[in-house]
Amino acid sequence: MGTWPEFYKYMAKFDPLYIFEKEAKDQMRMVLNSLGAEEDLLLPGLKLHQHSDYAFVCFATAGPLGMKPQELAEKLVAGIGDNPLFEKIENVGPYVNFYIDRKELALRTMEMVTRTKDRYGSFDMEGQPPKVILEHTSANPTGPLHVGRARNPIIGDTMARILRKRGYDLDVQFYVDDMGKQLVILTWGHENITGLDVESDRADHKFVKYYQEANRLMEEDTSINEEINKLISIYEEDGDAEISKKVRKNCEDILDGMLAPMRRLDVHYDSFAWESKYVRDGSVKQVIDKLRASEFTGEDEGALFLDLSHEQLNKAGRENKLFLTRSDGTSLYTTRDIGYHLEKLANSNIAINVLGEDHKLKAWAVNACLQILEKGSVDISSCDSDPVEILFYAFVSLPEGKMSTRKGHVVYMDDLIEEAVSRALDEVEKKRPELPDEIKHGIAEIVGVGAIRYNIIRVQAEKQMTFKWEEAMNFEGNSAPFIQYSHARASSILRKTTPPENFDPGLLVHDSELDLIKTLAKFPSLIFKCADDRTPHIIASYAYELASLFNQFYRDCPVLSAEEDIMGSRLNLVKCSKMVLQNALNTLGIVAPEEM
């Protein structure tokens with residue numbers, strides 16, 4: 001972005017706070033330079049509900065200037081003097097505190113929100129934006145998606161929305177594992193097992209029965225295991241066109257079924273990468289040949305492995321070998337994944353994966369192998385050297401316990417969504433019995449789906465979580481229904497009267513009004529930070545904070561019954577709050593309803 005002044009000039013187009021931060025830094029820099037200091041200043045961002053909006057601590061700078069911290073603070077305040085962007089600038093001991101002018105902040109924030117509307121919080125990168133490939137979900141196509149992995153698509157889709165707002169050129173990909181043993185097991189089961197109750201309109205629900213029954217039979221009969229292993233070799237070598245055709249068709253049908261709950265959750269993908277492509281086009285063979293020639297691999301009865309005990313890897317634990325092929329030379333998932341990632345890295349500036357915590361070793365191995373293939377060595381000094389960024393998440397559990405697709409102990413995403421919508425419909429029936437059934441069901445769908453997305457994204461990705469209905473469907477707590485209701489309340493106010501175009505933001509002086517305006521102001525900088533830090537859960541915290549402050553404002557500051565000039569200013573604050581609540585909910589993939 002160039003120099004700091006260029007950066008602030010860019011940011012000021014999208015973020016109402018940056019003019020204040022830039023002014024504070026410029027004034028500090030000017031006085032410090034006059035005192036002989038050379039250190040560049042980076043003040044912290046806006047701090048809410050603390051002693052000031054910006055603060056500069058003088059300890060580190062005072063010593064080189066031969067002053068005491070409090071003495072330097074006093075000189076700084078005297079040198080800066082009055083500034084129209086700040087109500088006051090004062091020193092408290094060794095601190096220089098800046099207090100943003102309330103009227104200026106309200107004017108700039110509300111003007112920007114009103115002008116940019118649904119683009120508020122979005123950035124346009126100058127020049128050609130970096131290309132990002134974000135891969136998420138990528139669940140094995142053996143049956144319906146289950147609740148345990150619900151965090152993957154929701155974290156991935158929310159991260160995608162944040163990155164798009166940040167201005168990146170984004171391609172969201174789903175990696176389809178159509179070469180794995182599971183697909184051959186499933187296809188064998190479909191061809192050989194009869195008498196199962198598999199009535200279903202969806203292929204994913206139908207085929208999972210064959211997959212589960214075939215796994216049970218494999219445990220009882222080793223000859224079936226041998227037969228399936230032979231089929232895997234034939235399929236990978238593309239030695240039987242009929243087998244390949246059947247596996248691909250089954251995979252496509254199951255994938256279409258798996259995506260049904262994703263569409264209902266408003267999760268979308270730009271492209272699908274098929275694992276078989278990297279075997280068929282020779283990419284995987286090249287990977288295997290190059291890794292076999294490196295010092296980091298060895299062979300065990302014909303099976304290629306990554307030597308985890310190598311001094312540059314130092315990853316050995318209970319096992320020293322991470323296998324990359326079978327003994328017959330056929331590839332394993334990790335090797336095919338490397339082929340896929342080579343293509344990703346060749347076509348992007350940044351590659352990001354969303355993966356479950358059970359994939360940590362394999363993801364580490366893929367990154368190590370990518371470095372070996374590119375540089376012939378491995379840099380394990382920090383994660384910054386990894387070719388692919390990984391956003392790991394802990395699994396979702398229900399109070400009943402863990403789930404397993406293979407053994408059939410599972411709660412599917414379809415079931416979770418239906419339960420959420422049913423519970424939401426019960427609430428709508430209680431609170432709005434007068435509404436037509438069609439509207440009731442529409443609101444229930446919006447609230448139920450929103451409750452799932454929010455309750456999952458609000459917890460930091462790597463923290464364990466148990467999905468609890470009393471939290472997800474709480475209309476008065478940290479939940480989507482609470483935030484959605486706040487938006488509906490704002491919509492209801494604005495349906496009663498139209499905010500005037502001309503208003504005086506200087507009339508918004510109540511603490512509840514000021515807290516709300518400050519929170520509206522920080523949305524763009526939060527999007528910027530969450531995009532760069534890959535922390536989507538923070539947007540959920542922000543949406544809840546904003547909804548809470550809006551409700552507090554509504555409680556403390558009468559809108560429609562206020563005097564005309566104050567009512568006009570407050571109506572515009574309601575309008576801005578509604579817009580930013582909608583933008584925050586949209587970033588979370590949650591619908592902002594007009595009524596509830």
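Computed from the coordinates by the stated procedures, all read-outs in this text should not be read as laboratory data. All figures in this text were calculated on a predicted structure; none of them were measured in a lab. Every residue, glycine as well, gets a Cβ built from its backbone with ideal geometry; the counts of neighbours run over all protein chains shown.
Classify the range 136-397: rounded, prolate or oblate, from the alpha-carbon gyration tensor (a ≥ b ≥ c, eigenvalue square roots; a/c under 1.5 rounded; otherwise prolate if a/b is larger than b/c)? Before the final figure, lay out each step's value.
On the way: a/c = 1.83, a/b = 1.16, b/c = 1.58.
Oblate shape, in that a/c is at least 1.5 and b/c is the bigger or equal ratio.
Under a Cβ-Cβ cut-off of 14 Å, what is the net charge of the residues other than residue 569 that fall near it, where Lys and Arg count +1 and Asp and Glu count -1? Don't jump to the answer; show the numbers that get you there.
Values: positive: 102, 103, 570, 575; negative: 111, 501, 504, 513, 563, 564, 565.
Net charge in that neighbourhood comes out at -3.
Across the range 458-587, how large is the tail of the calculated P(r) beyond 21 Å, expressed as a percent of all Cα pairs? Display every interim value, and only then the final one.
Working: 3623 of 8385 pairs.
That tail contains 43 percent of the Cα-Cα pairs.
Rounded to the nearest 5, what is the percent of antiparallel bridges among the DSSP beta bridges in the chain? List each step's numbers first, then the result.
Details: 21 of 41 bridges.
Restricted to the chain, the bridges split so that about 50 percent are antiparallel.
I need the trypsin sites (Lys or Arg not before Pro) found in the range 432-538, filtered to DSSP loop residues with at most 11 other beta carbons within 10 Å of theirs.
On the way: sites: 440, 453, 458, 463, 468, 489, 495, 496, 518, 522, 529, 534; in loops: 458, 463, 468, 522, 534.
Here the sparse-neighbourhood loop sites are 463.
Based on DSSP H runs of at least 4 residues, each adding -39500 (n - 2.57), what is the mean residue ellipticity at 222 nm of the chain after dividing by all its residues, to the nearest 500 deg cm²/dmol?
On the way: 22 runs with 314 residues, N = 596.
Only helices count here, giving -17000 deg cm²/dmol.
Which of rounded, prolate or oblate describes the chain when judged by the alpha-carbon gyration tensor and an a/c cut-off of 1.5?
Oblate shape, in that a/c is at least 1.5 and b/c is the bigger or equal ratio.
When a/c reaches 1.5 or more, the comparison of a/b and b/c decides; with that in mind, is the range 270-399 rounded, prolate or oblate per its Cα gyration tensor? Could you put the intermediate results ahead of the total?
Working: a/c = 1.32, a/b = 1.14, b/c = 1.16.
The shape class here is rounded.
Could you give the dipole magnitude of the chain about its Cα centre, charging the beta-carbon of Lys and Arg +1 and that of Asp and Glu -1, in debye to the nearest 20? It would help to have the intermediate numbers written out before the result.
On the way: 71 positive and 97 negative charges, 186 e Å.
Charge dipole, the chain, about its Cα centre: 900 debye, nearest 20.
For the range 458-587, give the magnitude of the charge dipole about the Cα centre (Cβ charges: +1 Lys/Arg, -1 Asp/Glu; no others), in debye to the nearest 20. The partial results should precede the final answer.
Working: 14 positive and 16 negative charges, 94 e Å.
So the magnitude is around 460 debye.
Among 165-172, 27-34, what's the highest-first ranking by average C-beta atoms within 10 angstrom per residue?
Working: 165-172: 20.0, 27-34: 16.4.
Result, highest mean first: 165-172, 27-34.
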